[in-house]
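The values are calculated or read from the model by the stated rules, or taken from the named source; none is laboratory data. Quick caveat, the model's predicted, so the values are computed rather than measured. With ideal geometry, Cβ positions are generated from the backbone for all residues, glycine too; neighbour counts draw on all protein chains shown.
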Amino acid sequence: MEHYFGAHTIDTGGIHMAARRADNARMRALQIFTAIPKYYGDRVSIRTERVERFREVLAATRIAPERVVVHAAYVLNTATPDVAKWERARDGLAKELERSTKLGVGAVCFHPGAATDGDRDAAAARIAAAMTHALERVNGDTRLLVENTAGAGTTMGRTPAEVGAILRHIPARLRDRAGFGLDTCHLFASGYDLRESKEAVSRVLDTFEEATGEAPGFYHLNDSEGALASNKDRHRLIGDGAIGEQAFAWLLADPRTKGVPLILETPQLNVEIGEDDESPDPYDVRMMALLDRLSR
């Protein structure tokens, strides 16, 4: 088993250009958006020529399709008790799974949303119902993975118990297509001190595995601008934030980080890159070299 490092690279010029930039940074995993993340995307389909171009370019890289993660829209609140908003979030999640399945990628990850009425048990059931709807509507191998959150306000998915509660509501016939992933900034912001020790980092993974019955299906490798337990979802380059490099070395020493996408969601330097420019972002190149060193 190996470490598969990648990033959410800039997709100026199209998602196939994101794949080329990732490959030129010597990445072996990738994260993309298939639609504008500030909108529900519940009526947005993906054109055949866009799918074919992405698949063709990806096949020429060192990135296997199963190590590509699509990040769903940020606005999808599948935990809300508001029926109209929940239905639109449910439909947006299903449409995302449809687009991603056509691309042939390994997984869709999403933020579960907020229990705005304070009923967290009911919210877990609503999140699972939206996931179940998507999985029943879209056949294929692409998995649907809940991402842990930084814990601000009434957001769901902060604790292993909440992630486990969501997944327990998924019907057994669909359970192998559902799972979760962990974001290091979110863990730290929600109170898990990854700086404590190597054993402490492994214990965090243990608690999530015990609550869900499985290991994470992906990781987002992000340092944190905010302090421990700040509930602030603000990403920094690894080593430039409050977590620091050592915690990432400890995390990568855990065998549960092998064989799954390890995705940077850290700042990019060339945000105004040209549509035809395939060059990797300098920050991504720097982070890839750092991760290679930390994983040795």
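Rundown of residues vs (1) touching a helix residue (DSSP H, G or I) at 6+ places or on another chain (Cβ under 8 Å); (2) more than 22 Å from S279 (Cα to Cα), yes/no style:
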| position | (1), (2) |
| --- | --- |
| R20 | yes, no |
| I32 | yes, no |
| R50 | yes, no |
| F54 | yes, no |
| T80 | yes, yes |
| G92 | no, yes |
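When G41 is evaluated against the numbered criteria (1) modelled with pLDDT of 95 or more; (2) crowded, with 19+ Cβ neighbours inside 10 Å, which criterion, by number, is the only one it fails? G41 satisfies every listed condition except (1). Which of the residues spanning region 168-210 are assigned to a loop (DSSP other than H, G, I, E, B), farther than 22 Å from R143 by Cβ and of a type in the set (A, V, I, L, M, F, W, C)? Correct list: L194 only. For residues in region 129-140 being in contact with a Ser or Thr (Cβ under 9 Å, 6 or more places away or on another chain) and crowded, with 22+ Cβ neighbours inside 10 Å, which is nearest to F180 (Cα to Cα)? Among them, the one singled out is M131. The conditions of being closer than 17 Å to A178 by Cα, of a type in the set (S, T, Y) and assigned to a loop (DSSP other than H, G, I, E, B) are met by T78.
Looking at region 214-223, can you tell me whether even one residue there is touching a helix residue (DSSP H, G or I) at 6+ places or on another chain (Cβ under 7 Å), surrounded by fewer than 15 Cβ atoms within 10 Å (Cβ to Cβ) and over 18 Å from V69 (Cβ atoms)? Checking region 214-223: not a single residue is touching a helix residue (DSSP H, G or I) at 6+ places or on another chain (Cβ under 7 Å), surrounded by fewer than 15 Cβ atoms within 10 Å (Cβ to Cβ) and over 18 Å from V69 (Cβ atoms). Have a look at T61, T34 and point out the one that is in a loop (DSSP other than H, G, I, E, B), hydroxyl-bearing (S, T, Y), within 29 Å of A128 (Cα to Cα) and modelled with pLDDT of 95 or more. So the residue among T61, T34 that is in a loop (DSSP other than H, G, I, E, B), hydroxyl-bearing (S, T, Y), within 29 Å of A128 (Cα to Cα) and modelled with pLDDT of 95 or more is T34. Test G6 against the stated conditions and say whether it is out of contact with any Leu (no Cβ under 8 Å at 6 or more places or on another chain) and either of a type in the set (K, R) or under 30 Å from T78 (Cα atoms) (or both). Answer is no for this residue. Determine whether region 255-268 contains at least one residue that is in contact (Cβ under 8 Å) with a residue 12 or more places away in the chain, assigned to a helix (DSSP H, G or I), in contact with a His (Cβ under 8 Å, 6 or more places away or on another chain) and under 25 Å from V108 (Cα atoms). Within region 255-268, one or more residues are in contact (Cβ under 8 Å) with a residue 12 or more places away in the chain, assigned to a helix (DSSP H, G or I), in contact with a His (Cβ under 8 Å, 6 or more places away or on another chain) and under 25 Å from V108 (Cα atoms). Scanning region 92-145 for residues that are among the aliphatic types (A, V, I, L, M), more than 17 Å from the chain's Cα centre (by Cα) and assigned to a loop (DSSP other than H, G, I, E, B) yields a total of 2. Taking the criterion of being closer than 19 Å to A229 by Cα, modelled with pLDDT of 95 or more and not aromatic (F, W, Y), would at least one residue in region 129-148 satisfy it? Looking through region 129-148, at least one residue is closer than 19 Å to A229 by Cα, modelled with pLDDT of 95 or more and not aromatic (F, W, Y).
Considering only region 239-251, I want to know if a residue exists there that is in contact (Cβ under 8 Å) with a residue 40 or more places away in the chain and closer than 26 Å to A122 by Cβ. No.
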